[in-house]
Structure formats: C-alpha cells, structure tokens
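Engineer: First, the structure itself, so that you have it in front of you.
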Amino acid sequence: MTEAALEKENKEITRQYKELLKISYQILTADDKKMIRSAFEIALDAHKDQRRKSGEAYIFHPIAVAKIVASEIGLDATSIASALLHDVVEDSDYTLDDIERMFGETIARIVDGLTKIAHLKKDMKISQQAENFRKMLLTLHDDVRVIIIKIADRYHNMLTMDSMPEHKQVQMASETLYIYAPLAHRIGLYNIKTELEDLSLKYTEPEVFNDIKDKIDESKEDQQAYIDTFSNIIHDSLKKEGLDYVIKGRMKSIFSMRRKMMKQNVGFDEIYDKFAIRIIYKASEKDEKFLAWKIYSIVTDHFTPNPVRLRDWISSPKSTGYEALHITVMGPKGNWVEVQIRSERMHEIAEKGYAAHFKYKHGDQKEQGIDVWLNKLQEALENSTANAVDFVEEFKLNLYSKEIFVFTPAGELKSLPKDATPLDFAFNIHTQVGMKTRGAKVNGKLVPLNTTLNSGDQVEIITSEQAKPNKNWLDYATTAKARAKIKSSLREEKKEIALDGKEVLRRKLKSQKINFNDDTVNKMVIFFKLKTSLDLFYRVGVGAIDNQMIKEFASSYSNAFISFFKNKIRRNPVPDDINKDEITSKYDLIVFGKEEEKLEYTISKCCNPIPGDNVFGFVSVNEGIKIHSKNCPNAISLRSKYAYRIIKAKWIDSSQEEFRSIIKLTGIDNLGLVSEITDVISGNMHVNMRNLNFNTDGGTFTGIITVVVKNKSILKKLINNLKQINGIDKVARA
C-alpha cells in the first residue's frame, strides 16, 4: 500500500470514529467519550495488521458495528466500547484480563460472551448454527448486550458480503434467516430484522431480490403521489383538532413482498398492500392513548375501515414493548392501505427496540423491565434437551410467533404465542399449575387440552394433586417453557419406573441364578437391542420385557450368545471404538407428524441418515418425501427457503410401537368399581386410556375401554390384573 493511500485510509478511520461520537443516540458524558476513545485506540492497535476480504483495514468493521449499536439500536457508552472491542481478544494478543484491567468488569464480561460465541469449535456431528445460537442464548446469564452486539455484528457482515465466495454468502444468509432475523424480531429491532431478511434474500435468491427491488424503484414516484393524496384528504381534519403530526409512507420489505407473492401465488403487480402509512403525533404520555383513538376516528371518517384488521397494540402492547394502533382502510383508487398510528415515543420504541423502551423507564423500574425481558428468554433455556437442533426449532417458534392475548378468570391479561393451547396457558401462569393440570375451560366450556386459543378467550385451568404430565402432552403444548417442563417431568417419571424395574429385574435374575451386575446388565442391553441400562430397567418396569423374555436371555446367557460375545471382544481389544448405536439400535421405521403416520419415503443421498438419527421429511416436487438428517449440510437452506414443505419425522423402534386395543368388561355393578378399574390401568400399570364407556342394567354393568399398549404381553398382563378386581365377571379383548 502506498504512503498516500495509507494516509487517506487513516484520515477515513479518524472521520468514521468522529462520526460515531456524533451519531450516538444516548447523551455521552466526558467520561463516556474518554472510555470510547480508549476502546478505539486498543481496537486500532489490535487490528493494525488485519484486513478484511474486501481489502479494507479491519478496524472499519468494529467501528461500523459500534455505529449500529450507537445510532440504530441506541445502546449506552458501555455497549459502544464493547462493540469496538468485540474481536480484540479473539484476534490479538490482548487477553480478557487486559480488558478487565483497562475497562472494568462489565465490558470484560460482554467481550468474553462475544468471544465465547466466536470460539465455538466446529463439530460435524451437530448443526453448527443451532449450537451457535444455543451458545448465544446461554450468554444471557451474563449480559443481554452480548446478544444485541452480536446481532449488530451480523448485520454489518451481511452488509459487506460481496467479496466473499458465493457458497459462504448463501451459508451466512441462511444462518441469518434461521437465527438472527427471528432474534432481532423478538428483541424488537424491527428495522434490523427487516434489513437482515432482505439481505439474506439478496444472496439466497438474487434474481428474485433484484426483480422485486427494480419494480419497487420504478414505482417510487407513484407511491409518493398516493401518500400525498391520502395525506391531503385527512390533513384539514387533523389540523382542525390542533394535532402536531407527520405522515410518512413505508414500503413493505422485499422479503415480505416475496412471502406475499408466494403465499397468495400472485405477481408483484397483483399485491395491493405494498406499503403502510404512518401517522406519528406529538403527545404527553398521559394523552397518548386518547389522541391515538381521536386520529383513528378521523381516518375512519374519511376512509372505510376493514373491521377484522384492527390491531390495538396500545391497550395491550406486544411483549417486545411495541405500541401502536394498526388499521386497514380502503384508500384512494380502491386500494387497501395499512395505517399505523403512533406517538413519537411509540415510534422511537418501534424503530430502536430494546434501548428506547427502557429509556422511558427510570432507576429500579428500568432494571425490572430488563429483568422481565431476560426472564422470558431464560425460561426456554431451563431443562433444555441435549439436541441443539430441537432446542433451536422450539425456541425459534416462540421467538417468531405472532401473539394472542387471553384472560385469566380474574380478568388479568396474558400474552401467548399464536396457536398456544390451554396447556401452554397453564405453564405460563406457573410451572406447578401446568404440572397439576387436569382439564381446562375456555369461555366457561370444558375443552380438550390441545384446543387452539384465540385472542379474547377467557381460560380457566382445572388442577388436581393426582394429575401429572404424560407424553401426549408434548402433542398439546407449543411453547418452549411448557415443553421443557413436560419433558423434564417425563424423564423423572421414567427414572422412577426404571428404579422399580431395576429391583424387579434383580429378583427375576436371581430366580434364574444369574448375578445382577454391570456386566449382566450390559449384555441384556445388547441382547434386547436397547441403548442404555435406563431403557432396560424402564421396559422391565412397564412390563415390555416380561418373564418369558428374561428366560430367553437366561438360556442364551450360557451358550451361543455368550461365546459369540467373548469372541467379538477377543478380536476387538478396543471396545470403545465400537459404534454402540449401530450395534444396538433397533430404530427401523420412520413415522410422520404428531399422529405418527406411516407414509412412503426415500432416504436422501446428500446426508444418508441412518436409523436413530434425528431427521425431518422434505416434500420434493417429483420424488415424494425425502428423509434428511437434521445435521444435513442442506438442512439450513431447506428450512430457510422451503419451511412450508418440511414435515416432522422420527425413527421409532417398531418393537416399541404403541397400539390401540379395546377391552370389554362385564360384571356386577359396585360402588367405586370404575375408580378401581381406572386405578389398575393408569395408576398401577401406567397404561394410557383413550376412551371409557360404562353402561349399567339391572345391577350388572358392561364396560368398553380403549387403551394404548406397547405389545401383546402388556395387554395380557392388564387383562389378568382386571380379572382380579372384585365384581368383575369377564374381561376380554374386543
């Protein structure tokens, strides 16, 4: 690089730094500026020998991230300094101790959180994006600003991707759609969310992006003329009320246009609601609501509203803090137009998100606000499963979902994701309410626990000390918190049953004169083609492995199987190298959706998933359902572009598949007989009942019960146990 070019670059670096100080959304004190100056100088030194792929000095990147943090998100001086330093520990000889010594514990903690994300090692066995995201969320334990600066970092990377290879661009764009756009949406950074989506589309579908962008550019004059016409019609009425306001037009994003075109199967010219009109008014906080409805009244006096398209986010703000009135009216030329009515304060929150929301709170109130927001995100981390992809899928659904508002019996308003059920509501009230849910009433009527709630519903949860989660609840719950708690409870229940099963197995092996020890248990795990000793004990506990099966193991214990096993051990002295899953897995059937339907499918060649892998189905155009591993290199791309063609799938052990069976009972009608029958089925044998019907006639009764069992031996044991009940005459499989 020539001396003149170097001097020019240094001048540009200085100019960018000065601009950073000028555009800060927060008021910077002299101490703030001193701290930011120190951070800039350290970053300048740390990155002095580094250049980006475009050839420019690397320091431009941390300055740009700091500018996004300062002006577009509006965070404080601590965040600006942290943004300048975000790559220093990763890319230079500066240590975390150095940062703490120079800038204090808070900035060091934020930089550490950002460095942890960057340092995550590549592991081909898991989805890197999913694990990355999970790692990010875990940093919330430290400081929420880590997440926000990381979003700003990704935003700038997306703005400057032109010099990267095409495959890297597509990979980063897919990851952005998969993780960062939903997260920005949840934090309330709507502007950045929109930019991230548009930039992602630019690299994943460049032709589509450019085509829509060109058409938007061509129609800009027409758009402005339309906004002017709309404004002129209501201008006099607004002025007459003495309102201080501005009217702005906002074009819908390219990404949302593309989504509308796909959803409605129409071309660009056939989309009528291409933009929204915003009326932003000045008001004191106490007059905001009154003036919003006054403006609503004026707009609807002039333009006919669509009554089903009113969105009142002022009376019930979104959980991100977003407030506004949204109405859709029939505008000039017979076009539907969305009108957003916001005060200046509401507009600032909508534009800046997190930071502006808490700017209007003070002292303890501000801290409590941040804590509430943090706790909502934190709930999804509790009891999270080991599988990073499943974790992200569940968490992401809750981040990106639309909200509904429902009422408690006392009239308290609760916010839940769209498609939430009474079970989600129960866990939203309190974990213990969820755990003890026996039933639910919606608007006074008893409903199934998988009923989809709608805004305005009043929900009452019926609890019982005897109630506890069962695995069907996972089909009823949609929120991350509810699903995590249910899974945790089911794991605990499985452990309890396994503990009983362990003692049963100990006694049964003793009767076969076989020692109960680790070696015997390991041999049984292999013999029954299971994965862990817990699976073995659990199956014994529920009766899936019965006396006959244990006798079969006992007879093999001293002959062919044991000699075969010993020979295998002799030939392979390094048992750790054995892929135990391949030897023991018996997952031989794929089922689809909540109903676990059996459909035709083929295994995808790109990732070639094997039995036991976490998988999903992709509905291809010509080849039916293709099965991909969740860790497939194409998974992110498929999920990002074709989410509507993804179907849930999983391998199951066909020997453990559950079957419905109908049992018919007859006998003498006794007080408490029904309770005794249900205790035997659900309480003692842990068998699920799907249907129950009893009729009495002249002192006798007939009962029809539908149960779900894993195999014939459990059904046989159940029938025998029912026969022992006093008053039962006959029990038979119908």
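Engineer: For SER511, state whether it is small (Gly, Ala, Ser) and touching a Pro at 6+ places or on another chain (Cβ under 8 Å).
Structural biologist: Taking the combined requirement at face value, the residue does not satisfy it.
Engineer: Please state which one of GLU465, GLU492, GLU460 is more than 16 Å from the chain's Cα centre (by Cα) and part of a helix (DSSP H, G or I). Break it down stepwise before answering.
Structural biologist: Details: GLU465 fails: part of a helix (DSSP H, G or I); GLU460 fails: part of a helix (DSSP H, G or I).
Criteria check complete, one pass: GLU492.
Engineer: If ILE728 satisfies all but one of (1) of a type in the set (Val, Ile, Thr); (2) touching a Lys or Arg at 6+ places or on another chain (Cβ under 8 Å); (3) crowded, with 16+ Cβ neighbours inside 10 Å, what's the number of the condition it fails?
Structural biologist: Here ILE728 clears every test but (2).
Listed here are the residues, each with its yes/no results for (1) in a helix (DSSP H, G or I); (2) acidic (Asp, Glu); (3) touching a residue at least 40 places away in the same chain (Cβ under 8 Å).
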residue: ALA276; (1), (2), (3): no, no, yes
residue: SER284; (1), (2), (3): no, no, no
residue: TYR296; (1), (2), (3): yes, no, yes
residue: SER315; (1), (2), (3): no, no, no
residue: GLY321; (1), (2), (3): no, no, yes
residue: ILE327; (1), (2), (3): no, no, no
residue: ARG342; (1), (2), (3): no, no, yes
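Engineer: Only one of these is without any contact (Cβ under 8 Å) to a residue 40 or more places away in the chain and either among the basic types (Lys, Arg) or in contact with a strand residue (DSSP E or B) (Cβ under 9 Å, 6 or more places away or on another chain) (or both): LYS494, LYS468. Name it.
Structural biologist: Values: LYS494 fails: without any contact (Cβ under 8 Å) to a residue 40 or more places away in the chain.
Answer to the selection: LYS468.
Engineer: Tally the residues that are in contact (Cβ under 8 Å) with a residue 40 or more places away in the chain and of a type in the set (Asp, Glu), restricting the search to segment 212-246.
Structural biologist: Here the count works out to 1.
Engineer: A further question follows. Working only within segment 616-653, note down all residues that are over 29 Å from LYS202 (Cα atoms), free of Cβ contacts under 8 Å to residues at least 60 places away in the same chain and touching a strand residue (DSSP E or B) at 6+ places or on another chain (Cβ under 6 Å). Show your work before the answer.
Structural biologist: Taking segment 616-653 first, the residues over 29 Å from LYS202 (Cα atoms) are 624, 649-653.
Filter once more, so that each one left must be free of Cβ contacts under 8 Å to residues at least 60 places away in the same chain: 624, 649.
Selection gives ALA649 alone.
Engineer: Counting residues that are under 30 Å from VAL540 (Cα atoms), which strands (runs of 3 or more DSSP E) fully inside segment 618-734 reach at least 3? Walk me through how you get there before you give the answer.
Structural biologist: Values: elements: 625-629, 646-653, 659-668, 688-697, 700-709, 728-733.
Where strands (runs of 3 or more DSSP E) fall fully within segment 618-734 and carry at least 3 residues being under 30 Å from VAL540 (Cα atoms), they are 646-653, 659-668, 688-697, 700-709, 728-733.
Engineer: Can you tell me which residues in segment 452-463 are farther than 14 Å from PHE427 by Cα and surrounded by fewer than 17 Cβ atoms within 10 Å (Cβ to Cβ)?
Structural biologist: If the condition is that a residue be farther than 14 Å from PHE427 by Cα and surrounded by fewer than 17 Cβ atoms within 10 Å (Cβ to Cβ), then THR452, ASN454, SER455, GLY456, GLN458 are the ones that fit.
Engineer: Right, here's the next one. Let me confirm something: among SER455, SER533, SER464, SER489, which residue is small (Gly, Ala, Ser), in contact with a helix residue (DSSP H, G or I) (Cβ under 8 Å, 6 or more places away or on another chain) and either in the same structural domain as GLU595 (by TED's automatic domain parsing) or within 30 Å of SER415 (Cβ to Cβ) (or both)?
Structural biologist: Values: SER455 fails: in contact with a helix residue (DSSP H, G or I) (Cβ under 8 Å, 6 or more places away or on another chain); SER533 fails: either in the same structural domain as GLU595 (by TED's automatic domain parsing) or within 30 Å of SER415 (Cβ to Cβ) (or both); SER464 fails: in contact with a helix residue (DSSP H, G or I) (Cβ under 8 Å, 6 or more places away or on another chain).
Matching residue, one of SER455, SER533, SER464, SER489: SER489.
Engineer: Which pairs have Cβ atoms under 6 Å, sit 6 or more apart or on different chains, and link a residue in segment 597-613 that is in the same structural domain as PRO633 (by TED's automatic domain parsing) to one that is outside any loop (DSSP other than H, G, I, E, B) and surrounded by fewer than 16 Cβ atoms within 10 Å (Cβ to Cβ)?
Structural biologist: Final answer for the pair search is PRO611/ASP588; GLY612/ASP581.
Engineer: What tally of residues in segment 418-449 results from selecting those that are more than 19 Å from the chain's Cα centre (by Cα), in a loop (DSSP other than H, G, I, E, B) and either closer than 25 Å to SER488 by Cβ or at pLDDT 90 or above (or both)?
Structural biologist: 4
Engineer: Let me ask you something else. Looking at GLU90, GLU41, can you tell me which residue is assigned to a helix (DSSP H, G or I), assigned by TED's automatic domain parsing to the domain that holds ILE192 and under 31 Å from the mean Cα position of the chain (by Cα)? Show your work before the answer.
Structural biologist: Values: GLU41 fails: under 31 Å from the mean Cα position of the chain (by Cα).
Unique residue meeting the criteria: GLU90.
Engineer: Which residue pairs have Cβ atoms closer than 6 Å, lie 6 or more positions apart in sequence or on different chains, and pair a first residue in segment 26-38 that is closer than 9 Å to ILE80 by Cβ and not assigned by TED's automatic domain parsing to the domain that holds GLY74 with a second residue that is among the aliphatic types (A, V, I, L, M) and surrounded by fewer than 14 Cβ atoms within 10 Å (Cβ to Cβ)?
Structural biologist: none
The values are calculated or read from the model by the stated rules, or taken from the named source; none is laboratory data. Worth saying up front: this structure is predicted, and the values here are computed from it rather than measured. Reconstructed Cβ throughout: ideal geometry from the backbone, glycine too, with neighbour counts over all protein chains shown.
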